[in-house]
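A quick write-up on the structure given underneath.
The values are calculated or read from the model by the stated rules, or taken from the named source; none is laboratory data. Here the structure is a predicted model, which is why all the values come from computation and not from measurement. No Cβ is skipped: glycine too gets one built from the backbone with ideal geometry, and neighbour counts run over all protein chains shown.
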Amino acid sequence: MSKPVSDLSGEEREKLDDQLDAVSENLGLDSWQARSGQRINWIEEFVGVCSTCKCLDWARKEFGGVIAFCNSFEVRLSGKERTMECNRHERVGTMTLRDMKEMAILIDPPARKIGF
């Protein structure tokens, strides 16, 4: 029976993390190590403008690794070269006029008749 991750020593954790990175690279996923100990927005540091975009899917692994994917262009973000501008960037928490129009409920009040 194998030990839970929390019971592994530092060297065993590093070995497991290396194995997970190797498997993710074989599957075609890019991963990189987040900088630890620095007070930065690490996702912004590695993916640039994509850090505030609705189209970004990302995950931070237990030992500091990161996997990021842009749904708009269907591309994996490696963290080696940040995105500076994007014509499909949609800031999280904003809505386009088209989204608001589709969301609006049109109310058609009944025609009133005079009298009873």
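Key figures
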item: Number of positions in the range 75-100 that are of a type in the set (S, T, N, Q) and in a strand (DSSP E or B); result: 1
item: When residues of the range 1-33 are limited to those that are among the hydrophobic types (A, V, I, L, M, F, W, C), closer than 11 Å to PHE63 by Cβ and outside any loop (DSSP other than H, G, I, E, B), the one modelled with the lowest pLDDT; result: VAL5
item: Hits in the range 75-100 - residues which are loosely packed, with under 11 Cβ neighbours inside 10 Å and closer than 15 Å to GLY48 by Cβ; result: LYS80, GLU81, MET84, GLU85, ASN87, ARG91, VAL92
item: Subset of the range 78-89 that is in contact with a helix residue (DSSP H, G or I) (Cβ under 9 Å, 6 or more places away or on another chain) and at pLDDT 85 or above - its residue that is nearest to VAL47 (Cα to Cα); result: THR83
item: Filter result (assigned to a strand (DSSP E or B) and either in contact (Cβ under 8 Å) with a residue 12 or more places away in the chain or surrounded by 13 or more Cβ atoms within 10 Å (Cβ to Cβ) (or both)) within the range 43-74; result: GLY48, CYS53, LEU56, ASP57, TRP58, ARG60, GLY65, VAL66, ILE67, ALA68, PHE69, CYS70
item: Subset of the range 101-116 (residues that are within 30 Å of LYS54 (Cβ to Cβ) and modelled with pLDDT of 70 or more); result: LYS101, GLU102, MET103, ALA104, ILE105
